[in-house]
Amino acid sequence: MNLVSTIMQLLGPAIISRIASSLGVNPGLVGSALTAAVPGLLEELTKTASQSAGATQLSNAVAKQDPSILSNLGNLLGGPNQQALADQG
């Protein structure tokens, strides 16, 4: 299983379009940016998780998140709760 491919499938055309619309940019640009950014973000998360303090920080951050956030991502983007989503990181 390729984690990058799985994440990119989750961030499909509908999500990419909503992100692009929210930012006022072309969906192709957002898709290209995500394709470039996801592997780097995963690499940094891996580095952070490999250290005890980093693993604790990541665990705490994940524990604070709404468990349904990924299934509701499309509804959150461009909606009234978009700013709250951005504030949560």
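Residues in region 75-87: is at least one under 24 Å from ASN2 (Cβ atoms), part of a helix (DSSP H, G or I), among the aliphatic types (A, V, I, L, M) and open to solvent by 50 Å² or more (accessible area, probe 1.4 Å)? No, region 75-87 contains no residue that is under 24 Å from ASN2 (Cβ atoms), part of a helix (DSSP H, G or I), among the aliphatic types (A, V, I, L, M) and open to solvent by 50 Å² or more (accessible area, probe 1.4 Å). Residues that are among the basic types (Lys, Arg), open to solvent by 50 Å² or more (accessible area, probe 1.4 Å), part of a helix (DSSP H, G or I) and modelled with pLDDT of 90 or more do occur in region 42-65.
Considering region 5-39, and only residues there that are outside any helix (DSSP H, G or I) and farther than 19 Å from ILE69 by Cβ, the residue that is most open to solvent (accessible area, probe 1.4 Å) turns out to be ASN26.
The values are calculated or read from the model by the stated rules, or taken from the named source; none is laboratory data. Everything numeric here is computed off the predicted structure, so don't read it as measured data. Neighbour counts run over all protein chains shown; Cβ positions are idealised from the backbone, glycine included. Note: areas computed on protein heavy atoms with side chains; ligands, DNA, RNA excluded. Shrake-Rupley method; radii C 1.70, N 1.55, O 1.52, S 1.80 Å.
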